[in-house]
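What follows is a set of notes on a single structure, which appears directly below.
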Amino acid sequence: MMGDPKEARAEASPPQSAARGGLSLLSQAESEEPSAQGSALLVGGNEVKSRAVVKYSSAPPRTAFARLEEKTDLKLPPANWLRESAKLGPAGTTILGNSKKSKPFSSFGMAYDFIDSVGNDVDVVSDSENIKKLLKIPYSKSHVSMAVHRIGRTLLLDELDIQELFMRSSQTGDWTWLKEFYQRLIDQKWQRKKKSKEHWYQKAILSKFLYYSINGDGAAQPVPSPAEQQESSSSDQTHDSEGASWPAPFEMPSSVSEDPSASSQGREPLEPSCIVGHVASAPKEQNLTTLFNDGENSQGLKNDFVRNILWTFEDIHMLVGSNMPIFGGGRYPAVSLRLRDNNKPINVLTGIDYWLDNLICNVPELVMCFHVNGIVQKYEMIKTEEIPNLENSNFSTKVIKDIAQNILSFLKSNCTKEGHTYWLFKASGSDIVKLYDLTTLCEETEDKYQNPFTMPVAILLYKVACNMMMKKNQNKKHYGTIRTLLLNCVKLLDKSRHPQIIASANYMLSELFQLDEPKKEESSDSPLNENSDESYSEEEEEMPDSDENGSYGTSSDPADDNKAVAIIKSVGELSVPEKYKSIHQIRPSCAFPVCHDTEERCRLVLSYVLEGLKSVDSSIKKENDLPAADPSTPIPLKYEDESTRGGPEGLEKQMALFLDKMGSLQKGNCSGQSGMTPGSWQHKMKLQLILKSSKAYYILSDAAMSLQKYGRALRYIKLALQSHDTYCCLCTNMLSEVLLFLSQYLTLCGDIQLMLAQNANNRAAHLEEFNYQTKEDQEILHSLHRESSCQGFAWATDLSTDLESQLSVSCKCYEAANEILQFSDLKSQNPEHYVQVLKRMGNIRNEIGVFYMNQAAALQGERVVSKSVSAAEQQLWKKSFSCFEKGIHNFESIDDATNAALLLCNTGRLMRVCAQAHCGAEDEFKREFSPEEGLYYSKAVDYYLKALRSLGTRDMHPVVWDSVNWELSTTYFTMATLQQDYAPLSRKAQEQIEKEVSEAMMKSLKHCDVDSATARQPLCQYRAATIHHRLASMYHSCLRNQVGDEHLRKQHRVLADLHYSKAAKLFQLLKDAPCEMLRVQLERVAFAEFQMSSQNSNVGKLKTLSGALDIMVKTEHAFQLIRKELMEECDQPKNDETTPAADSSPNLNREEVIKLLSIFESRLSFLLLQSIKLLSTSKRKMSNAEEDAVLQTNKQIYSQLLRATANRNSTVLERVEVIICLLEQLASGSSGSSSSVVP
């Protein structure tokens, strides 16, 4: 028994391949001729290149032909006539010439089987008889009638039997428009031409000859009776007339059944749950026939050739079907057998026939049997390359090559529209060849679907596109071709009759656009635009240069008509070399559309998705449809959960419901409302279309987010989640990939809600964008509502006006996204996305924590009458702390030390807010630093130290490190300041408080980086100076108040002096703290005065006075800064009179300057007076010139100071300038006497 013929449908077998499964592939080993695989034939000095590769053969192994004895009467039937033989197999009758006539769709059958070759590699697909008929046009007077279809760069040629068509037209009424057109323009007196008795006689005698030639045991079969012979003869005639039956135009299938041909091997499915191209059969309710059927009613779409051969003739690649009987064995491994009447010489047409048959089938020799009136006379062996030189049959192979190239060029130049049926026609005895566009002619009639080629062409376009889609990742430059094929396929089909193919085609169209492709792929050098070499100008081809390329257009000749697309005025033109354009310049224009932005690309995808959804919805049983709804009218919700308005608590309930639903999806529950059967093509296709729409809306939302159009972004992500919700309702088995999409959608939704919360100022514009909806979006949503209420994610996509609610929704989105990642091990499969989700969770919890913390601080600021901390404040603290704690855990779980440190820092700040809340709980006059304050400040310190430990070193993140350090320093400083200013003397001893203050100040100083040149350096210097000042003041105070322990007093004296000097140095570095500098120096002077009060000797006192005056001199820099600011203040009103002078210099406190100036004047006056007294005392035993000079200088300065202070009308600036002048004098005077003053 023979094996499955499909097994042999592969590329040409290697030379040594043997017959497989009872099938035989013609190979070089069998023919044993050097020209078997490819041959260059030298005929008449002209070289013609020909190469044939058998793609498929259903013929059994070749048998040697039986050489008949002379005088054998071929009119008598052999014993095995019309009998099947085990040797021949089922194809026996076909091989021996008794097959039915070639069917009108024979090229489509081959194209379906070798879909890889169609549209790309092959120029022509046709029956070998049609090829021969075309190449014989210039030599033959007989008529030519062929249907031509273009698929990509491939032309499909089929015989268009006008007689058969018009016979059918008279019976059924179909094709009447073509019959009328034919009678009007071509043959006004058309009538069916009957074949002569001679035709049937020659056919019968050839059949008997071939059966006689079989070398086997067939002769043992009984001779059929005359009645049987008559039956056979009549059946033969019947087959010839009825075999090529035309399918009714309306009996077209609605679906493509699975075709497991060899060309589909190695395909990868596009989507897991719906493989485009392999769609199930249409429902029986549609009462349509199936497309591929092995029975009698196969509608001519079956590949029933014995051999399919890839024939390369010169540079033309053809897929040819052939039924020529080939014999072999013995001395003749491969020969063709021909029967000739000895009384009739071989003419050119017969010679071309024989030559082309042998070339196409790679047969090197021809055996010719001559007979006279059916009596065998002799045999003659002729080599294939000798056929063109036979007597009476001379022809040039070069001319045949030119004819082939010219005809192909003519057809490719004019058959430009994919999906159209072209008709190539030459009337009997005419030299004119015309090409008509039957599709255009048909569209002018009432029913454009009367063209029976429409459905096979559409199916082929679909299958070619489908095949290319399977390989789309290998070569993106075919995208333009695929898109053109699919658009033409959809254009051909009636939406109401073929919803499945249209839905599938639209889905594939949407698949062509890579939603997430980078923008660089859209540039001009993109692979998608590499079709420029294949593009062509239709105008150029419709109006070529008549001198060079011949005229395709109509002429004034009455014989011509204006309905023809193109005309060859004389068949003689076909013999002129390169009369028409080269085939290499004629390629279809299939440039892929360049989408300039993401939104345009997504909108294209959604338009295809919508068309697909419409097709699916239209095919679902009418009784299961929902009541008709207007797509422009919003669909009311079926329920309103009370929890939807319940804030975060309501969200919790909805989240729980959602997660329950996600869990049930894992178990395979599904519930669509429209009644689609799970597993049906509608169910599978709608799932994929809905998933595609959700992806497109997600990309649109992401793009809007990047443009800061947050209202639009929320609208798109809402549509994406509504699509996904519908998908969940329909899906029987949720894939991990789809769950990942959902996690990504919710993550983006969380981002959008957060950005809306942070951009509350523009809420009106965002709301307007959110509520806007296109008609396309409404129609897609309408299709979704057929299956689901689309409310599964309503909690995540509402645009709230409440900030807390928006932040809560954002947080819940991230939490849901995280929960989904836990469902099916997605966390480990997508670590990057998992990290991003946790980062966002940590971030939103930080935002919510800060929000609650700020609310608590605001409540604290409003608290005036009530002294105690309110329960509302405490509740806000707890919420804030909980958020910070969860956020820290999120960041720590992904080892994000930097962000964890920031949240620890914010927790520390929360503790400080709590501490500050307890500050106002007591009367200001009885105020003491409370234990609660101490506790919260200590907790704040702990959190800041944890943050530093989390960071490890400053190198990890210098900015965060410096920020945490500053906050820690501030906390220590605040604690120390409060303990110093509001000493808890009721609970602690003075010494203990002083010790704690000192320790806290030193810790603050430790974390205050004054050396690093950062933006915070001036602040750090000011803080450090303030700390030293406060410590000096504290030790100064202790020294004044302490009695007894001399060692401790000395220690305090040294520490006070040290800290005063350090404070002075640091304030000296700052340009904006002259008052602080002045205050420190005045305190130092007071400290010197205090020391002087305890001294007894004049020398000691004089020395202390000299040191105090030196400190006074050092304040000149501070007064210079004050003078500069006062002068700027005076200049300000001239430039802007509306600005008050007091407010023009916010850095300078005028009242404080006046106060400090008065103190400075009084202290300087006191020091000068004491100095004068000591220097001029009569008790001094010794005096010298230097001391006298100092005394005189001090007297002069003292005198000037008294006069200046006596003038009540002096301005602050004048007083400052006097002080600066006096200090300069004092500096010059004291510098010369300092050596003598100090012993």
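The values are calculated or read from the model by the stated rules, or taken from the named source; none is laboratory data. Owing to the predicted nature of the structure, the values given are computational and were not obtained by experimental measurement. A quick note on method: Cβ atoms are made from the backbone with ideal geometry, for glycine too, and the neighbour counts reach across all protein chains shown. Note: accessible area is taken over every heavy atom of the protein model, side chains too, but ligands, DNA and RNA are not part of it. Shrake-Rupley method; radii C 1.70, N 1.55, O 1.52, S 1.80 Å.
For (1) more than 25 Å from N906 (Cβ to Cβ); (2) of a type in the set (A, V, I, L, M); (3) exposed (fewer than 13 other Cβ atoms within 10 Å of the Cβ), each residue gets a yes or a no:
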position: V960; (1), (2), (3): no, yes, no
position: W966; (1), (2), (3): no, no, no
position: S969; (1), (2), (3): no, no, no
position: S986; (1), (2), (3): yes, no, yes
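Filter region 665-702 down to residues that are at pLDDT below 70 and open to solvent by 50 Å² or more (accessible area, probe 1.4 Å) and give me whichever is nearest to the chain's Cα centre (by Cα). Lay out the reasoning, then the answer.
Step one: list which residues in region 665-702 are at pLDDT below 70, which gives 665-675.
Imposing the further condition that a residue be open to solvent by 50 Å² or more (accessible area, probe 1.4 Å) reduces the set to 666-667, 669-671, 673.
On the way: Q666: 27, K667: 30, N669: 30, C670: 29, S671: 30, Q673: 31 Å.
Among them, the one singled out is Q666.
For V122, all conditions in the list (1) under 39 Å from the mean Cα position of the chain (by Cα); (2) open to solvent by 10 Å² or more (accessible area, probe 1.4 Å); (3) within 21 Å of H420 (Cβ to Cβ) hold save one; what is the number of the exception?
Here V122 meets the rest and fails (2).
Residue by residue, here is whether (1) over 27 Å from C729 (Cβ atoms); (2) open to solvent by less than 30 Å² (accessible area, probe 1.4 Å) holds:
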residue	(1), (2)
Q758	yes, no
H782	no, no
Q806	yes, yes
N830	no, no
G842	yes, yes
R845	yes, yes
Y852	yes, yes
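What are the pairs, 6+ residues apart or on separate chains, where a residue within region 697-726 that is within 16 Å of L740 (Cα to Cα) has its Cβ under 8 Å from a residue that is of a type in the set (D, E, K, R) and at pLDDT 90 or above?
Once the first residue is within 16 Å of L740 (Cα to Cα) and sits in region 697-726, its partners that are of a type in the set (D, E, K, R) and at pLDDT 90 or above give A720/K695.
Restricting the search to region 1067-1097, which residues are open to solvent by 60 Å² or more (accessible area, probe 1.4 Å) and part of a helix (DSSP H, G or I)? Reasoning before the result, please.
Narrowing region 1067-1097 to residues open to solvent by 60 Å² or more (accessible area, probe 1.4 Å): 1068-1069, 1071-1072, 1079, 1093-1094, 1096-1097.
Q1068, L1069, R1079, S1093 - these are the residues of region 1067-1097 that are open to solvent by 60 Å² or more (accessible area, probe 1.4 Å) and part of a helix (DSSP H, G or I).
Taking only region 315-348 into account, find how many residues are closer than 15 Å to A64 by Cα and part of a strand (DSSP E or B).
Number of matching residues: 6.
Consider region 703-732. How many of its residues are more than 21 Å from Y507 (Cα to Cα) and open to solvent by 10 Å² or more (accessible area, probe 1.4 Å)?
So the answer is 10.
Out of the residues in region 400-444 that are open to solvent by 20 Å² or more (accessible area, probe 1.4 Å) and hydroxyl-bearing (S, T, Y), which is nearest to D353 (Cα to Cα)?
Among those residues, the one meeting the criterion is S428.
Output yes when any residue across region 1002-1022 is open to solvent by less than 30 Å² (accessible area, probe 1.4 Å), charged (D, E, K, R) and at pLDDT 85 or above, and no when none is.
no
So if I check each of A915, A900, which one is assigned to a helix (DSSP H, G or I), among the small types (G, A, S) and either open to solvent by 60 Å² or more (accessible area, probe 1.4 Å) or modelled with pLDDT of 90 or more (or both)?
Numbers: A915 fails: either open to solvent by 60 Å² or more (accessible area, probe 1.4 Å) or modelled with pLDDT of 90 or more (or both).
Just one listed residue meets the conditions, A900.
Modelled with pLDDT under 90 and not small (G, A, S), is that true of T797?
Values: modelled with pLDDT under 90: yes; not small (G, A, S): yes.
Considered against the rule, which asks whether it is modelled with pLDDT under 90 and not small (G, A, S), T797 comes out as yes.
What number of residues in region 299-323 are farther than 26 Å from N406 by Cα and open to solvent by less than 20 Å² (accessible area, probe 1.4 Å)?
At the first step, the residues of region 299-323 found to be farther than 26 Å from N406 by Cα are 299-307, 323.
Applying the additional criterion that residues be open to solvent by less than 20 Å² (accessible area, probe 1.4 Å) yields 300-301, 303, 305-307.
Summing the residues that are farther than 26 Å from N406 by Cα and open to solvent by less than 20 Å² (accessible area, probe 1.4 Å) in region 299-323 gives 6.
If I filter region 937-954 for residues that are in contact with a Lys or Arg (Cβ under 8 Å, 6 or more places away or on another chain), in contact (Cβ under 8 Å) with a residue 12 or more places away in the chain and part of a helix (DSSP H, G or I), do I get at least one hit?
Yes, because at least one residue in region 937-954 is in contact with a Lys or Arg (Cβ under 8 Å, 6 or more places away or on another chain), in contact (Cβ under 8 Å) with a residue 12 or more places away in the chain and part of a helix (DSSP H, G or I).
Residue check: is E776 closer than 20 Å to D725 by Cβ and either at pLDDT 85 or above or in a helix (DSSP H, G or I) (or both)? Show your work before the answer.
Working: closer than 20 Å to D725 by Cβ: yes; either at pLDDT 85 or above or in a helix (DSSP H, G or I) (or both): yes.
The answer is yes for E776.
Could you go through region 375-382 and let me know if any residue there is surrounded by 20 or more Cβ atoms within 10 Å (Cβ to Cβ) and acidic (D, E).
no
Going residue by residue through region 734-752, is there one that turns out to be more than 21 Å from the chain's Cα centre (by Cα) and either farther than 21 Å from L826 by Cα or exposed (fewer than 15 other Cβ atoms within 10 Å of the Cβ) (or both)? Let's see the steps before the verdict.
The first filter runs over region 734-752 and keeps only residues more than 21 Å from the chain's Cα centre (by Cα), leaving 734.
When the remaining residues are screened for being either farther than 21 Å from L826 by Cα or exposed (fewer than 15 other Cβ atoms within 10 Å of the Cβ) (or both), the result is none.
No, every residue in region 734-752 fails to be more than 21 Å from the chain's Cα centre (by Cα) and either farther than 21 Å from L826 by Cα or exposed (fewer than 15 other Cβ atoms within 10 Å of the Cβ) (or both).
Applying the selection to region 72-111, what residues are modelled with pLDDT of 70 or more, in contact with a strand residue (DSSP E or B) (Cβ under 7 Å, 6 or more places away or on another chain) and part of a loop (DSSP other than H, G, I, E, B)?
T72, L74, N80, F105
Is it true that R1208 is out of contact with any Cys (no Cβ under 8 Å at 6 or more places or on another chain) and at pLDDT 80 or above?
Values: out of contact with any Cys (no Cβ under 8 Å at 6 or more places or on another chain): yes; at pLDDT 80 or above: no.
Considered against the rule, which asks whether it is out of contact with any Cys (no Cβ under 8 Å at 6 or more places or on another chain) and at pLDDT 80 or above, R1208 comes out as no.
In region 742-779, how many residues are of a type in the set (V, I, T) and closer than 13 Å to L719 by Cα?
The total comes to 1.
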